[in-house]
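I have placed the structure first, in the form of C-alpha cells, so that the comments after it can refer back to it.
Please treat every number below as a calculation from the coordinates, not as lab data. Being a predicted model, the structure only gives us computed values, none of them experimental. Here Cβ is always computed from backbone atoms with ideal geometry, including for glycine, and neighbour counts include all displayed protein chains.
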Amino acid sequence: MPSQNLSTIIVTGGAGYIGSHTIIELLTKTNYNVISIDNFSNSTAKSYQRIKEITNKSFESLDFDLCNENQLVTQLSKIKNIIGIIHFAAYKSVPESVTNPLLYYINNLNSLNNLLKFAQEQKIENFIFSSSCSVYGNAENLPVTEETPLKKAESSYGHTKQIGEDIINFVCKANPNFNAVLLRYFNPVGAHPSGKIGEFPLNRPNNLVPIITQTAVGKNSLTVFGNDFDTRDGSCIRDYIHVSDIADAHVKALNYLIERKNKNNVSLFNLGTGNGVSVLEAIKSFEKVSGKKLNYTIGPRREGDVVAIYANNNLAKKELNWNPEFSLDDMMLSAWKWQLNLEAE
Ligand code: UD1
C-alpha cells in the first residue's frame with residue numbers, strides 16, 4: 001500500500017483517457033502517492049487494472065461525482081498530505097456540447113469550482129488544469145502561441161475551457177500562494193506504447209482516431225467532415241499529439257510547480273507537436289502503419305469545428321523542459337495496437 005508519509009497527488013478523471021496515462025507516468029517517474037477520483041461517467045474501473053498491470057504499482061481510487069460538493073469535502077478531507085491536484089475530469093465532446101450546452105456548463109464548471117474551493121480551504125497550493133486549444137476558436141494567425149488572442153469559442157465545450165481558465169486566473173490573482181498551470185491540449189491521440197491501455201469511450205466515439213481504428217475493425221464507419229475548407233487538401237487541420245507526451249507534460253508541470261520554478265502563480269502552456277496535419281493525412285498515416293485500407297466517405301462539415309489549428313510549443317519546451325517524442329505514425333500505430341488488443345479480449 002502507498003505510504004502515508006509521502007505527498008499525495010489527486011488525479012481527477014484518473015480512469016479516463018489522459019488521466020490514466022498520466023497516472024502511469026506519475027507512478028513510474030515520481031514517488032508521490034496517487035489517488036484517482038472518477039465516477040466512471042465515460043470510463044470504467046478496468047483502466048485501473050490496466051494501469052496496475054503496466055506499472056506494477058498500486059494507487060488508491062475514489063468513486064464520486066465532483067459536482068457533489070458535500071461528497072467531495074467529506075471524501076477528500078480524509079486524505080493527508082495532498083500536495084497537488086491534477087484536474088482532468090470533464091466532458092469533452094465538441095458535438096455533444098453543441099447539442100447539450102448546459103450539460104457542459106454544469107458539469108465542467110461546478111466540478112472545477114468545488115475543487116478550487118476545497119483546494120483553497122485546505123491550502124493545497126498546486127493545481128493543474130486540462131484546458132484545450134479550442135479556447136483559441138478560429139485563430140487568425142497560425143501556429144498559435146500562448147499570446148494569441150482568444151476568439152469566441154466555437155462550442156460550449158471550448159467555452160467551458162475559456163471560463164475555467166478565467167476562474168483559475170482570478171483565483172490565482174486573489175491568492176498569491178495558489179499556483180496553477182493551465183495546459184492547452186491540442187489533439188491528444190494514440191495509446192500507451194505497450195498497447196495495453198488507450199482511449200476507451202463508453203459510447204460511440206466522436207474523436208477521429210478511435211473512429212478510424214474502430215472503422216478498421218468493422219465496428220464503425222468513418223465520415224470525413226468536409227473537404228471544402230481552405231486548407232491544402234480541403235480537410236480540417238489539427239495538431240495531433242501522443243497521449244503519453246501529454247501525460248509526461250503533466251509530470252513536468254507538477255514538478256515545475258512543486259519546485260516553484262514558475263515565474264507567475266498562473267502559467268499557461270500549449271501542448272502540441274507544432275505540426276498541422278489534415279484529416280486525410282491522418283487517415284493516410286493510419287493506413288500506412290496498419291497496412292489496412294480505410295473505407296471512408298466525405299460528408300458535410302461538422303458544427304463547432306475550427307478550420308485549422310496547430311501549436312507553437314516553444315514555451316512548454318523551454319519552461320517545462322518538455323519535448324514531444326512520438327511521431328504521427330507512432331500515434332497511429334499505438335492506437336491500432338490498442339484496438340487490436342481490445343479485439344482480442
Ligand atoms: C477538440 C479540441 C481538442 C480537444 C478535443 C476533445 C479543437 C480545435 N480541438 O478536438 O482540443 O482535446 O476536442 O474531444 O476544438 N473528424 C472527422 N470525422 C470524424 C471525427 C472527426 O472528419 O468522424 C475530424 C474533425 O472534423 C476534426 C478532426 O477530425 O477536423 C479531429 O476531430 P476530433 O478528434 O473530434 O477532435 P477536435 O474536435 O478537433
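On C-alpha positions alone, give me the angle between the axis of helix 328-344 and the longest principal axis of the chain, in degrees, nearest 10.
Compared with the principal axis, the helix lies near 80 degrees.
Once fully extended, how much extra length lies between Phe64 and Thr297, figured as 0.36 nm per residue of separation less the alpha-carbon to alpha-carbon distance?
Length gained between Phe64 and Thr297: 79.8 nm.
Between Glu345 and Lys151, what is the FRET efficiency for a Förster distance of 45 Å, r being their Cβ-Cβ separation, to the nearest 0.05?
0.60
Give the long-range amide H neighbours of Ile82: residues separated by 5 or more places, or on another chain, with amide H under 5 Å away, using H modelled in the peptide plane at 1.01 Å from N.
Thr8
For the chain, set up a GNM with springs between Cα atoms under 10 Å and report which of Asn68, Asn203, Asn31 has the largest fluctuation.
Its mean-square fluctuation being the largest, the pick is Asn203.
Roughly speaking, what is the stretch gain from Leu102 to Ser7, that is 0.36 nm per residue apart minus the C-alpha to C-alpha distance, in nm to one decimal?
Details: separation 95, 0.36 × 95 = 34.20 nm, distance 3.63 nm.
The Leu102-Ser7 span can extend by a further 30.6 nm.
Nearest 20 debye, what's the magnitude of the dipole of region 163-319 about its Cα centre given +1 on Lys and Arg Cβ and -1 on Asp and Glu Cβ?
360
Can you give the angle from 0 to 90° between the axis of helix 17-29 and the longest principal axis of the chain, with both taken from C-alpha atoms, to the nearest 10?
Tilt relative to the chain: about 60 degrees.
Mind checking region 45-86 for GluC sites (Glu not before Pro) that DSSP puts in a loop (not H, G, I, E or B) and that have at most 14 other Cβ atoms within 10 Å?
For GluC sites (Glu not before Pro) across region 45-86 that sit outside H, G, I, E and B with at most 14 neighbouring Cβ atoms in 10 Å, the list is empty.
Which percent of the Cα-Cα distances in the chain go past 29 Å?
Percent of Cα pairs beyond 29 Å in the chain: 35.
Using θ = phi - 60° and the Karplus curve 6.51 cos²θ - 1.76 cosθ + 1.60, what whole-Hz ³J(HN,Hα) does each residue of region 152-158 get, with Gly and Pro shown as x?
Once rounded to whole Hz, the list reads 4, 5, 7, 8, 5, 4, x.
Enter the Cα centre distance for the pair region 202-241 and region 273-289, rounded to the nearest angstrom.
10
Okay, helix-only estimate at 222 nm for the chain: each DSSP H run of n ≥ 4 adds -39500 (n - 2.57), divide by all residues, round to 500 deg cm²/dmol; what do you get?
On the way: 12 runs with 134 residues, N = 345.
So the calculated ellipticity at 222 nm is -12000 deg cm²/dmol.
Which of Ser244, Ser334, Ser194 ends up with the largest GNM mean-square fluctuation for the chain, with Cα atoms connected below 10 Å?
Largest GNM mean-square fluctuation: Ser194.
Can you give the net charge of the other residues whose Cβ lies under 13 Å from the Cβ of Leu257, counting K and R as +1 and D and E as -1?
Summing Lys and Arg as +1 and Asp and Glu as -1 gives +1.
Note down the nm distance, to one decimal, between modelled labels 7 Å out along Cα→Cβ at Phe170 and at Ser77.
Taking the simple label geometry, Phe170 and Ser77 are separated by 2.6 nm.
Hey, what did the chain get for relative contact order, percent, Cα under 8 Å, at least 6 apart?
Dividing the mean separation by the residue count of the chain yields 19 percent.
Could you work out the relative contact order of region 217-292? I mean the mean sequence separation of Cα pairs under 8 Å and 6+ apart, divided by the number of residues, in percent. Don't skip to the answer; put the middle values down first.
Details: 50 pairs, mean separation 28.5, N = 76.
Taking the mean separation of contacting Cα pairs over the length of region 217-292, I get 38 percent.
Compute the label zone of Lys317 within region 223-258: residues whose backbone N is under 15 Å from the point 7 Å along Cα-to-Cβ.
Within reach of a label on Lys317: no residues.
What percent do you get for the relative contact order of region 43-132 when only Cα pairs under 8 Å and 6+ apart count?
Here the relative contact order equals 37 percent.
Would you work out the charge dipole size for the chain about its Cα centre, treating the Cβ of every Lys and Arg as +1 and the Cβ of every Asp and Glu as -1, and quote it to the nearest 20 debye? Walk me through the numbers before you get to the answer.
Details: 33 positive and 34 negative charges, 94 e Å.
Charge dipole of the chain: 460 debye, to the nearest 20.
What shape does region 115-167 have by the C-alpha gyration tensor, where a ≥ b ≥ c are the square roots of the eigenvalues, rounded means a/c under 1.5, and otherwise prolate means a/b greater than b/c and oblate the rest? Could the numbers behind the result be given before it?
Values: a/c = 3.73, a/b = 2.20, b/c = 1.69.
In terms of gyration-tensor shape, prolate.
Using a Gaussian network model of the chain with C-alpha springs under 10 Å, which one of Ser77, Ser130, Ser278 is most mobile by mean-square fluctuation?
Most flexible of the set in this elastic network: Ser77.
Only residues of region 188-203 count here: report those whose backbone N is under 19 Å from the spot 7 Å along Cα→Cβ of Asn56, or say none.
193-197, by backbone N distance to the label point.
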